[in-house]
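Okay, structure first, notes after.
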There are 4 protein chains.
Amino acid sequence: MAIHTFQPQLYYNNIGSYEPALVINDGDTVITSTIDARGWDHMGESVAPRGNPMTGPFYVEGAQPGDVLEVKLESMTPNRDWGWTCNVLAPNVVDPLTATTLPTLEIVRWQVDAAQGIARLEKPTPGLEYLNLPIRPFLGCFGVAPSQGQVISTATSGNYGGNMDYKALVAGVSVYFPVFAEGALLHLGDGHATQGCGEIVGTGIEISLDVRFSVRVHKGKTIKWPRVESDTHLSCIGNVRPLEQALQHATTEMLSLLVEDYGLSVNEASLLLGQVVEYEVANVFNPAYSVACKIPKAYLPVRKS
Amino acid sequence: MAIHTFQPQLYYNNIGSYEPALVINDGDTVITSTIDARGWDHMGESVAPRGNPMTGPFYVEGAQPGDVLEVKLESMTPNRDWGWTCNVLAPNVVDPLTATTLPTLEIVRWQVDAAQGIARLEKPTPGLEYLNLPIRPFLGCFGVAPSQGQVISTATSGNYGGNMDYKALVAGVSVYFPVFAEGALLHLGDGHATQGCGEIVGTGIEISLDVRFSVRVHKGKTIKWPRVESDTHLSCIGNVRPLEQALQHATTEMLSLLVEDYGLSVNEASLLLGQVVEYEVANVFNPAYSVACKIPKAYLPVRKS
Amino acid sequence: MAIHTFQPQLYYNNIGSYEPALVINDGDTVITSTIDARGWDHMGESVAPRGNPMTGPFYVEGAQPGDVLEVKLESMTPNRDWGWTCNVLAPNVVDPLTATTLPTLEIVRWQVDAAQGIARLEKPTPGLEYLNLPIRPFLGCFGVAPSQGQVISTATSGNYGGNMDYKALVAGVSVYFPVFAEGALLHLGDGHATQGCGEIVGTGIEISLDVRFSVRVHKGKTIKWPRVESDTHLSCIGNVRPLEQALQHATTEMLSLLVEDYGLSVNEASLLLGQVVEYEVANVFNPAYSVACKIPKAYLPVRKS
Amino acid sequence: MAIHTFQPQLYYNNIGSYEPALVINDGDTVITSTIDARGWDHMGESVAPRGNPMTGPFYVEGAQPGDVLEVKLESMTPNRDWGWTCNVLAPNVVDPLTATTLPTLEIVRWQVDAAQGIARLEKPTPGLEYLNLPIRPFLGCFGVAPSQGQVISTATSGNYGGNMDYKALVAGVSVYFPVFAEGALLHLGDGHATQGCGEIVGTGIEISLDVRFSVRVHKGKTIKWPRVESDTHLSCIGNVRPLEQALQHATTEMLSLLVEDYGLSVNEASLLLGQVVEYEVANVFNPAYSVACKIPKAYLPVRKS
């Protein structure tokens, strides 16, 4: 149960079977940092090419293809006092005819006060002078090496995680990934101080983070898509276009979860989900969209396995 | 500001320019009832063909094409002690290959205790014996006569409302519809005792309701899609397939709302929505899917108009 | 087997159960005319509001819900010497980011020489001076009254036909519609001198037409979507968004056709379709997209029924 | 202008920056062979794991990121006398409710007579005894190393080509790929004796091929998606889900082609495409769907560049 402090030197813009940056054991904790989506670090210096450069990969001893890697997100804290966002809705989230009228995109800076937990525009225009946003920092992009030796851009996501940009993955939450490569090879980065659903301006408040997480390897358990446990919900995440298919993946995985872990029949799981399921549109911007299928833990039966 | 008590005699399975069932004035309140999606009334008797038979239409004096009709949902209360649902996930909400393995659909009855606010399966299988669901009654299908004299099945929805099956439209909420026909011609029905997001088994807990609502006509105000105001949120609803386009309609309407009612520029509205927007999948089952784009009122600027 | 000459006086912008404009018998032929999508007739005069005003409806004696109405398109000939198109790709057929750069839409006129079968831009810009297009006139919008008494805008389409804008529905082709109302109630209009796949500028070369067609009622035969027979192909048309679902409807109907009319098993029909099927994107512009699933008649087995 | 004969020893199930199997020069011709989608070679022996194992990669001297690689497909000939297909429609190409009724999938063998150019089921059931299909061999999966060092499964496709399963890419056609890596690194495999549109049973008639192709490097020319030239058409291919977006990519690329290579304005290109464009659904089965946007060469203006 070691605690590792890891200072990244090299960042990858793909997720894949790269040389491990650090080898850790099942149960270990890592204290590290991530740079922002454009490769800007805690000093605002450009230390890697843009496009979600990743810290890692972390090789977890004992993690084998077919296992599950649990990543407990212990803390994510902005390590500088500013972030940035785009200032125009992505053209694919408005009607095509409205898209033809959108203004030109610019990058806008926000002040981020991690101690007070508040973000404000650096130079608010009159209409937004009132705006103070509570921050809820999370990692926009993290996951394990994909199947079959693939090496895939951090622009997108899949069953291995990746650029899901899901705002619910905050400190305190555990995320479970299917393992496809020896050691799982966990990558992480693309910190956001906060974000709405869908990442509809193409960014959260992009920022560098100090991150603390721990890992656990679960043997003899197979999952097909990332799963999440928070204090209040179990969730399954589907990553693909279009939205309907992302929702299908997430719902199918939730059905498996209820049948396998809680011993429900397909009919029972359907009766339950039909009346209590919640969906969250994590991102509707990236090459793969992300949808979470969620069930409140309050409505779950006793766990069977 | 009259209060009308209206006992429906005739139900329509389309929404359109039918003869008014009742003529009311701007500001009036109506106390009435709706039968369930299969046409079963408070006694469980079949009084209309299946497919969301509607109470109404209610003709609102003074409502003209181009106006907005506000419908304040004052109360919706189950008026019988049972409802029903389907017991299998809809084949379009799971992966196509999983769809090929789904069991046969059956109708299942639930006990609904309106006084205690609880629903339970009438004959729970062992896996679901524990299940008590709080009810949150709402109208699955309601809206105004569509544009241009169209008469459209209550299976679907559009900019005029219709079968949106949106579980957030509970008592206390105001819904705003664009008016397309003289008198607006409000139809309502398809009560649900509760429902998860998406109506993914094809039903909520389908039930007959006692309904109380009031209406207000807003002149000189044009909207393109239904809007909603609750204690905590403003929302816009888009109704169409696929999900991405429903989300586009809802987001475009929210953009208009922020620009027109709150005086924000497109860039300001984008900066705000990007970090605080929420989406809700109202239904992913009907011929038109429904997505709500929501903004917490806590983050809104001062209203301009 | 009468031949009727019908001069329309009234045009509907919806398809539905309107009073018949003419009652005809099974086997009869009708010679009539249609005005263009904006309501401009053979003289270029505006005689109806824009939005695909329809000639008809024609009530066919003996056609009952559950039957099939065959419409043999005998001839469609432009009855004026000009048509019009839009001059910009629809924003939904290009990448969203490209959509933001599209020029403003204008209406452009084309000369149409029906005798020579040629269309040319009236005022070609230098880049298109060479362009002579062979015409292939067809009806963009035609169909029968929809199910359940619905009245639906001619902007869209469904299982009853409507605004399919399918360029393959030229003279010589038979189109089969499911009958939903007594007399079937055939509507027709929205003539195009020619068009590419998808109607991607939102129009074909829009023009008024002289039309000759005949009808036959097929009893004891049920279809779910429009079917087409040409000299070379059998086709089934699905009308809905998104494209994938339109393709699903068309393919499902083709599967039924091969099983019911040709006696193939689902496996046999799959083996055949998998290697010979063709798809055509009829329109990717209207509220419902249209996709045709086609099989060359050369590969069909002997018909069983 | 050398002619290389290359006997593959090693096959990759991803497309990416692997060690070159052979280095060739601009203008060279290669005579080689491919094994089928399951890794079965000309003798029917399993020589590689399933999932479209690739011959190559071929490193083309002088090809640099930003260039275009032209691959002229000179000949593709089955080198064994049988192929195989699946025998059930993919569940995603029929209505979801119909998907729940599909029979279990089996692999079925076909006799392939390359000399006569005919394919027949090995054991035809009575309904398909008549069936003789002309073969049109093509490569289902080929392309160049993707951008940014990515290594991507041959199950899918992208702007680098890959598993497009496009039946029009037969002998005589030239395919143009954007170059992302030094040497372009061309991979090829997944031969099909023939196939319908969409690969709707999940396979063509899968077979091993003898292949002859030549390459040319085009400097100073940038394309974003694969382009195709045949005797009769220019085409652009978009690879992504959903179908509408694949169509958007293909149409956007065609717009660029007409503007850049033929000097048309966006309005001129729109006027032309609107009336003559053709779309082809290459595959509607793989993780990325493929749509071709085609223009008949007969309607093109004089080429400018």
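The values are calculated or read from the model by the stated rules, or taken from the named source; none is laboratory data. Remember, it's a predicted structure, so these values are computed and weren't measured experimentally. Using ideal geometry, Cβ is built from the backbone for each residue, glycine included, and neighbour counts are taken over all protein chains shown. Ligands, DNA and RNA are stripped out before the accessible areas are found, and what is left, the full protein with its side chains, is counted by its heavy atoms. Shrake-Rupley method; radii C 1.70, N 1.55, O 1.52, S 1.80 Å.
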Q. In Å², nearest 100, what accessible area do chains A and B bury in total when the solvent probe is 1.4 Å?
A. 5100 Å²
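Over the stretch A:227-299, give the accessible area per residue in Å² for a 1.4 Å probe, as an integer.
On a per-residue basis, the stretch A:227-299 sits at 22 Å².
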Q. Roughly how many nanometres apart are two label points built 7 Å out from the Cα toward the Cβ at residue B:2 and residue A:116?
A. 5.7 nm
Q. Remind me, relative contact order of the stretch B:227-299 in percent, using alpha carbon pairs under 8 angstrom and six or more residues apart?
A. 41 percent
Q. Other chains' Cβ within 10 Å of C:193-204 residues: what's the mean?
A. 5
(Q) Under a crude label model (7 Å from the Cα following the beta-carbon direction), how far is residue D:129 from residue A:297 in nanometres? (A) 6.6 nm
Q: State, to one decimal in nm and shortest first, how far the label point of residue D:2 sits from each corresponding label point in the other identical copies (label point: 7 angstrom along Cα-to-Cβ).
A: 5.1, 8.3, 9.6
Q | Mean Cβ count within 10 Å, highest first, over the residues of peptides B:10-21, C:234-245, B:213-224, A:193-204 | A | A:193-204, C:234-245, B:10-21, B:213-224
Q) Once both labels are modelled 7 Å past Cα along the beta-carbon direction, what's the residue D:80-residue D:218 spacing in nm? A) 3.7 nm
Q: Report the Stokes-Einstein translational diffusion coefficient (µm² s⁻¹, integer) for the protein assembly as shown, Rh taken as the Kirkwood radius over Cα pairs, at 20 °C with viscosity 1.002 mPa s.
A: 68 µm²/s
Q: Choose one of C:16, C:155, C:249: the residue whose Cα lies farthest towards the positive end of the charge dipole of chain C (beta-carbon charges +1 Lys, Arg; -1 Asp, Glu; about the Cα centre).
A: C:249
Q: On a C-alpha basis, how far is the centre of the stretch D:265-305 from the centre of the stretch C:1-40 in Å? Whole number, if you could?
A: 36 Å
**Q.** Of all accessible heavy-atom area on the stretch C:227-299, the percent that carbon and sulfur account for (1.4 Å)
**A.** 53 percent
Q. Among the residues of chain B, which one places its Cβ closest to the rotation axis that maps chain B onto chain A, and what is that distance in whole Å?
A. B:243, 2
Q: Could you order B:165, D:26 by accessible surface area, starting with the largest, using a probe radius of 1.4 Å?
A: D:26, B:165
Q: Over all alpha-carbon pairs in the stretch A:126-236, figure out the percentage whose distance exceeds 24 Å.
A: 27 percent
Q | Principal axis dimensions, largest first and in whole angstrom, of the stretch A:227-299 by Cα | A | 35, 25, 19
Q: For chain A, compute the number of Lys pairs whose alpha carbons are separated by less than 22 Å, excluding pairs fewer than 8 positions apart on the same chain.
A: 17
Q: Shortest first and in nm with one decimal, please list how far the residue A:62 label point sits from its counterparts in the other copies (point 7 Å along Cα→Cβ).
A: 5.7, 7.3, 8.1
Q. According to the square roots a ≥ b ≥ c of the eigenvalues of the Cα gyration tensor, what is the shape class of chain C, taking rounded for a/c under 1.5, prolate for a/b larger than b/c otherwise, and oblate for the remainder?
A. oblate
Q | Relative contact order of the stretch A:70-119, pairs being alpha-carbon contacts under 8 Å that are 6 or more residues apart, as % | A | 44 percent
Q. Taking a label point 7 Å from Cα toward Cβ, how far is residue A:97 from its twins in the other copies, in nm, shortest first?
A. 2.6, 3.3, 4.2
Q | DSSP beta bridge pairing in chain B, given as percent antiparallel to the nearest 5 | A | 90 percent
Q) What average count of beta carbons from other chains do you get within 10 Å of the Cβ of residues in B:141-152? A) 4
Q) Heavy-atom accessible surface, probe 1.4 Å, ligands and DNA/RNA ignored: which residues of the stretch B:275-295 lose at least 10 Å² versus the isolated chain? A) B:275, B:276, B:277, B:278, B:279, B:281, B:284, B:289
Q: Quote the relative contact order of chain C in percent (integer), defining contacts as alpha-carbon pairs under 8 Å separated by 6+ residues.
A: 23 percent
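Taking a temperature of 37 °C and a viscosity of 0.692 mPa s, what whole-number D in µm²/s does Stokes-Einstein yield for the stretch C:1-160 with Rh from Kirkwood over alpha carbon pairs?
180 µm²/s
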Q.
Only protein chains counted, 1.4 angstrom probe. Which residues of the stretch A:224-258 are at least 30 Å² less accessible in the assembly than when their chain is isolated?
A. A:241, A:242, A:243, A:244, A:245, A:247, A:248, A:251, A:252, A:255
Q) Average partner chain C-beta neighbours within 10 Å, per residue of D:261-268? A) 5
